[in-house]
Amino acid sequence: MHVATSLQYDRLRDRMGALSARADTLNNQLATNKRIAAPSDDAAGYRALTALRRSGADATAELANIDLATSLLEASSTALGGIETQLTRVREIAINAGSATLSAEQKLALATELDVIVDDLLRTANTNDTRGNPLFGGDSTATPYVRQANGSIAFMGGGDAGEIPIGDGRTINATTSGERIFNGIKLTDGTPSDMFAIVQKMADTLRTGGNIAQMGTDVQAALTSVTNARASIGARGARLELEQTRLTDLGITREEARSAIEDVDVTATITELQKTLTVLQATQASFSKLTSLSLFDYLR
Amino acid sequence: MSDLLNIGASGVRAYQTALSTTSENIANAATPGYSRRSATIEEIGRTNSISLGQTIKLTGAGSTVSGIARAGDSYKTAEARTSGSDLAKTEAGVAWIERVENALTGNQLSDRFTTFFASAKGVAADPAAIAPRTVLLEDARSLAAGFASTGRALTAAAGELAGQGEDAAKQLTDLSASIVRINRGLTRSAPHSVANAQLLDERDRTLEAMSALVDIAVSTDDFGRATVRAGGATGAVLADVETSALVNFAVSDAGEISLSAYRGATSSSISPSGGVFAGLADGARSIADARDRLNQVATTFVAGMNAWQAGGTPLTPNPGNIPMFEAGTPASEIKVHDRFEAGHIAAAAVGEGPRGNGNMTTLTELRTTAGWEGMFDDLTTENAALLATRRTVAGAQGAIHAAATAARDGVSGVDLDEEAVNLIRFQQAYQASSRVIQVARDILQTIIDIR
């Protein structure tokens, strides 16, 4: 067979070029630890990676939301705890003042204490959260409870605040509108009232020397409402913890999936690289051998 | 006795030519497109001048070089051309599809989408705060910039493609003109001359360069003059013995290329199925398709987002109801409205207070139903799959082309070992012929020396 000399060189050059390119690709994969440098390296894999990246970014945002919701729930729980303590004291006063042995001065002193408690309750109900907005204002950012000209305290907030998304369409109510906790408390006579009005009415009755014996039940009703709200917050906190664990677990699963698609099998790649380099070396050696053969060396 | 001298002298002359032909081969061993040549040595036939007293012809008259033979196989050459044309098409196409891939992924539009919608979740968590809204607004700007730069990268690619096409058209025009010059040279040159062999080499080289640009059909006459048609055996004539064509390239906005050949007053269009032009056609379609689909995503995104924005309640008053995104020309040139502020993002549904996030929930649904991210990812992955397939095809065609070139060069290439053998053979024959001259002289001297 007739073998053109230039063809011999060209073939070896192409072969060595291809081997060098292969070694370079493998080396790149090892250096970046990524098998997919461009979508065309593995279109289906790239598509899956995009979806994984997307749900990863969503999960990061949702975990931040969970942290925010947790802090809001904790703040609500603390504020409600303070209100619980105050209302417990009010209940004690109701029981104490119910006994007929109290003098008018003592009743007046108790009424003054109740006034102070109302002020405290108002301050606590208007607590701001970490974001600087009222905790119990519902979907409004206005101060929720405002003392009116006639001394009564009115709710100025709005409806429920938006529920915070915590992943896969799940949402959580991180705050509760004060209207649901402190307002709409049914009195013994069946009429609805609010926490502030109950305590204020007690103070007024004490000042005028009236009987507050049955008012303890109304205070208890307000206290129950607050305790229930706290319990609900505790339950929501537990749910958030579950969601957080779920998202973290999903993150690990996602990382495993990503690694399976994208990461380089280091052992296999190093072996492949070594093989390519060995073949390249052999080709170079045979190249120098082949090209050193020439009949012209024997021409004298 | 003068016959013997003549025979010797003819041998010396013939082998001198043979030696220089071999030297020429050695010198051009690495010249691309050079075809191996050999001197055709023939015996000189004697027709008259029989010596006195002889009745029949007893001796010949030596040898002569009747011509220079050029090694070559026109079928193998044609095959190498065809496979080269196929390979050039795929490789040119791959380069442009790769450009599309770089444009689609290099500007991280997909990631920007992801970030934008993830930030929307932050606004949903705390709709009354300005900080998460500012983040969302910045991400919206980044997303708009992503659309614009992806669109610009594709537009730039389309522009470069048109430029490359024009360059290739000029090149094809020049090559066609070369063919006509070579054809004229072939008309004048004597067959089996060195000049003729050089012209034929030049012809094959030029044809190969032309076939890398467009698939050509070549027919040659007895002189070896080529008539070249582009785009198949019935395609437009690029060059014949007399005239060559002026080739013109243009590409439309829709990504359709038009290639036409003007010869004198007639113009005919070429539909390339091979070579760089076919690759450019392929690439132009890919780029146009990517631009179309990107614009479509941009248009529906702007419309969808602005409708969503209009359907909610902003945190701070939005006089004139400024939309969030502004559409541009082309559609991918979108941007966030200059006067749109973070507080204008309509997180709350109608009727909700500042901490309501009803409209953000709608956005989550809109993200799923509109599927903008999916549309864009489809575009990226389809292009990537096409690229991967084409690369495989290019690999296979490269192997076919290498085999065809090897077959052609096997016939026409220079083998230095063979030339070395020839060198020794012709050198010895030359030396022997010169000995014949010496012997003739000695014999003549013998006769002269008789006294």
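Would you confirm whether any residue within segment B:45-66 is open to solvent by less than 20 Å² (accessible area, probe 1.4 Å), modelled with pLDDT under 95 and more than 14 Å from chain A (Cβ to nearest Cβ)?
Filtering segment B:45-66 for residues open to solvent by less than 20 Å² (accessible area, probe 1.4 Å) gives B:62.
Checking which are modelled with pLDDT under 95 leaves us with B:62.
Narrowing the set further to residues that are more than 14 Å from chain A (Cβ to nearest Cβ) leaves B:62.
Taking every residue of segment B:45-66 in turn, at least one turns out to be open to solvent by less than 20 Å² (accessible area, probe 1.4 Å), modelled with pLDDT under 95 and more than 14 Å from chain A (Cβ to nearest Cβ).
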Run A:Lys275 past the list (1) in contact with a strand residue (DSSP E or B) (Cβ under 7 Å, 6 or more places away or on another chain); (2) surrounded by fewer than 18 Cβ atoms within 10 Å (Cβ to Cβ); (3) farther than 30 Å from A:Pro144 by Cβ and report the number of the one that doesn't hold.
-> (1)
Could you grab me the full set of residues in segment B:375-394 that are at the interface with another protein chain (Cβ under 10 Å from one of its Cβ atoms) and open to solvent by 20 Å² or more (accessible area, probe 1.4 Å)?
-> B:Asp378, B:Glu382, B:Ala385, B:Leu386, B:Ala388, B:Thr389, B:Arg390, B:Arg391
Residues within segment B:395-414 that are crowded, with 22+ Cβ neighbours inside 10 Å and within 7 Å of chain A (Cβ to nearest Cβ), tallied | 3
Filtering segment B:103-119 for residues that are open to solvent by 30 Å² or more (accessible area, probe 1.4 Å) and more than 8 Å from chain A (Cβ to nearest Cβ) leaves a count of 4
Quick one: in segment B:90-102, which of the residues that are more than 12 Å from chain A (Cβ to nearest Cβ) and open to solvent by less than 20 Å² (accessible area, probe 1.4 Å) is nearest to B:Leu294 (Cα to Cα)?
-> B:Trp96
Does A:Gly132 satisfy the criteria of being within 14 Å of chain B (Cβ to nearest Cβ), modelled with pLDDT under 85 and in contact with a strand residue (DSSP E or B) (Cβ under 9 Å, 6 or more places away or on another chain)?
-> no
How many residues are over 28 Å from B:Asn295 (Cβ atoms) and part of a helix (DSSP H, G or I) when one looks only at segment B:124-147?
-> 7
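Being out of contact with any Lys or Arg (no Cβ under 9 Å at 6 or more places or on another chain), more than 26 Å from B:Arg229 (Cα to Cα) and among the aliphatic types (A, V, I, L, M) is the requirement here; does B:Ala140 meet it?
In short, yes.
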Residue list for segment B:266-319, filter: within 19 Å of B:Leu172 (Cα to Cα) and over 26 Å from the mean Cα position of the chain (by Cα) | B:Thr266
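When segment B:277-291 is examined, which residues are found to be farther than 15 Å from B:Ala153 by Cα and either open to solvent by 10 Å² or more (accessible area, probe 1.4 Å) or not in a helix (DSSP H, G or I) (or both)?
To start, the set of residues in segment B:277-291 that are farther than 15 Å from B:Ala153 by Cα comprises B:277-282, B:285.
Correct list: B:Ala281, B:Asp282, B:Arg285.
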Can you tell me how many residues in segment A:278-294 are surrounded by 15 or more Cβ atoms within 10 Å (Cβ to Cβ) and within 14 Å of chain B (Cβ to nearest Cβ)?
-> 0
Taking A:Glu255, is it surrounded by 11 or more Cβ atoms within 10 Å (Cβ to Cβ) and under 29 Å from the mean Cα position of the chain (by Cα)?
-> yes
Which one of these is open to solvent by less than 30 Å² (accessible area, probe 1.4 Å), more than 30 Å from A:Thr248 (Cβ to Cβ), in a loop (DSSP other than H, G, I, E, B) and away from chain B (no Cβ under 14 Å): A:Gly138, A:Gly158, A:Gly151?
-> A:Gly151
For B:Ile322, work out the one condition from (1) assigned to a loop (DSSP other than H, G, I, E, B); (2) open to solvent by less than 30 Å² (accessible area, probe 1.4 Å); (3) in contact (Cβ under 8 Å) with a residue 24 or more places away in the chain it doesn't fulfil.
-> (3)
Of the residues that make up segment A:175-191, is at least one open to solvent by less than 10 Å² (accessible area, probe 1.4 Å), farther than 22 Å from A:Arg89 by Cα, touching a strand residue (DSSP E or B) at 6+ places or on another chain (Cβ under 6 Å) and within 13 Å of chain B (Cβ to nearest Cβ)?
-> no
Residues located in segment A:92-103, provided they are more than 14 Å from A:Ala203 (Cβ to Cβ) and in contact (Cβ under 8 Å) with a residue 12 or more places away in the chain = A:Ile95, A:Gly98
Hey, A:Ala79 open to solvent by less than 30 Å² (accessible area, probe 1.4 Å) and not polar (S, T, N, Q) or not = yes
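Being part of a helix (DSSP H, G or I), under 26 Å from A:Arg180 (Cβ atoms) and touching a residue at least 12 places away in the same chain (Cβ under 8 Å): is that true of A:Ser77 here? Walk me through how you get there before you give the answer.
Values: part of a helix (DSSP H, G or I): yes; under 26 Å from A:Arg180 (Cβ atoms): yes; touching a residue at least 12 places away in the same chain (Cβ under 8 Å): yes.
Spelling it out, A:Ser77 is indeed part of a helix (DSSP H, G or I), under 26 Å from A:Arg180 (Cβ atoms) and touching a residue at least 12 places away in the same chain (Cβ under 8 Å).
How many residues, within segment B:128-144, are in contact (Cβ under 8 Å) with a residue 40 or more places away in the chain and either of a type in the set (A, V, I, L, M, F, W, C) or touching a helix residue (DSSP H, G or I) at 6+ places or on another chain (Cβ under 7 Å) (or both)? Before the answer, list the steps.
Taking segment B:128-144 first, the residues in contact (Cβ under 8 Å) with a residue 40 or more places away in the chain are B:128, B:130, B:133-134, B:136-137, B:140-141, B:144.
Going one step further and asking which of them are either of a type in the set (A, V, I, L, M, F, W, C) or touching a helix residue (DSSP H, G or I) at 6+ places or on another chain (Cβ under 7 Å) (or both), we end up with B:128, B:130, B:133-134, B:136-137, B:140, B:144.
The qualifying residues number 8.
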Kindly list the number of the only condition in (1) under 42 Å from the mean Cα position of the chain (by Cα); (2) under 19 Å from A:Gly184 (Cα atoms); (3) not acidic (Asp, Glu) that fails for A:Gln214.
-> (1)
Please determine, by comparing only the residues of segment A:27-44 that are over 35 Å from the mean Cα position of the chain (by Cα) and either within 14 Å of chain B (Cβ to nearest Cβ) or surrounded by 14 or more Cβ atoms within 10 Å (Cβ to Cβ) (or both), which one is nearest to B:Glu101 (Cα to Cα).
-> A:Ser40
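Condition test on B:Gly224, is it at positive phi and surrounded by fewer than 18 Cβ atoms within 10 Å (Cβ to Cβ)? Give the steps one after another, and end with the answer.
Values: at positive phi: yes; surrounded by fewer than 18 Cβ atoms within 10 Å (Cβ to Cβ): no.
No.
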Would you confirm whether any residue within segment A:229-249 is in contact with a helix residue (DSSP H, G or I) (Cβ under 9 Å, 6 or more places away or on another chain), open to solvent by 60 Å² or more (accessible area, probe 1.4 Å) and either within 30 Å of A:Leu30 (Cα to Cα) or among the small types (Gly, Ala, Ser) (or both)?
-> yes
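Yes or no: B:Ala346 more than 8 Å from chain A (Cβ to nearest Cβ) and touching a residue at least 12 places away in the same chain (Cβ under 8 Å)? Step through it out loud before you land on a result.
Numbers: more than 8 Å from chain A (Cβ to nearest Cβ): yes; touching a residue at least 12 places away in the same chain (Cβ under 8 Å): yes.
Yes.
I'd like to check something: does segment B:348-356 contain any residue that is farther than 22 Å from A:Asn173 by Cβ, modelled with pLDDT under 90 and open to solvent by 50 Å² or more (accessible area, probe 1.4 Å)? Walk me through it before giving the result.
The initial filter retains those residues of segment B:348-356 that are farther than 22 Å from A:Asn173 by Cβ, namely none.
No, every residue in segment B:348-356 fails to be farther than 22 Å from A:Asn173 by Cβ, modelled with pLDDT under 90 and open to solvent by 50 Å² or more (accessible area, probe 1.4 Å).
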Positions within segment A:55-67 being open to solvent by 40 Å² or more (accessible area, probe 1.4 Å) and either farther than 30 Å from A:Gly132 by Cβ or at the interface with chain B (Cβ under 7 Å from one of its Cβ atoms) (or both), in sequence order | A:Ser55, A:Thr60, A:Ala64
Within segment B:120-140, of all residues that are within 7 Å of chain A (Cβ to nearest Cβ) and open to solvent by 10 Å² or more (accessible area, probe 1.4 Å), the one nearest to B:Pro314 (Cα to Cα) is B:Ala128
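The values are calculated or read from the model by the stated rules, or taken from the named source; none is laboratory data. Note that this is a predicted model, so its numbers are computed, not measured. Glycine also receives a Cβ, built like all others from the backbone with ideal geometry; neighbour counts cover every protein chain displayed. The protein model used for the area step is the full one, side chains on, heavy atoms only, and it has no ligands, DNA or RNA in it. Shrake-Rupley method; radii C 1.70, N 1.55, O 1.52, S 1.80 Å.
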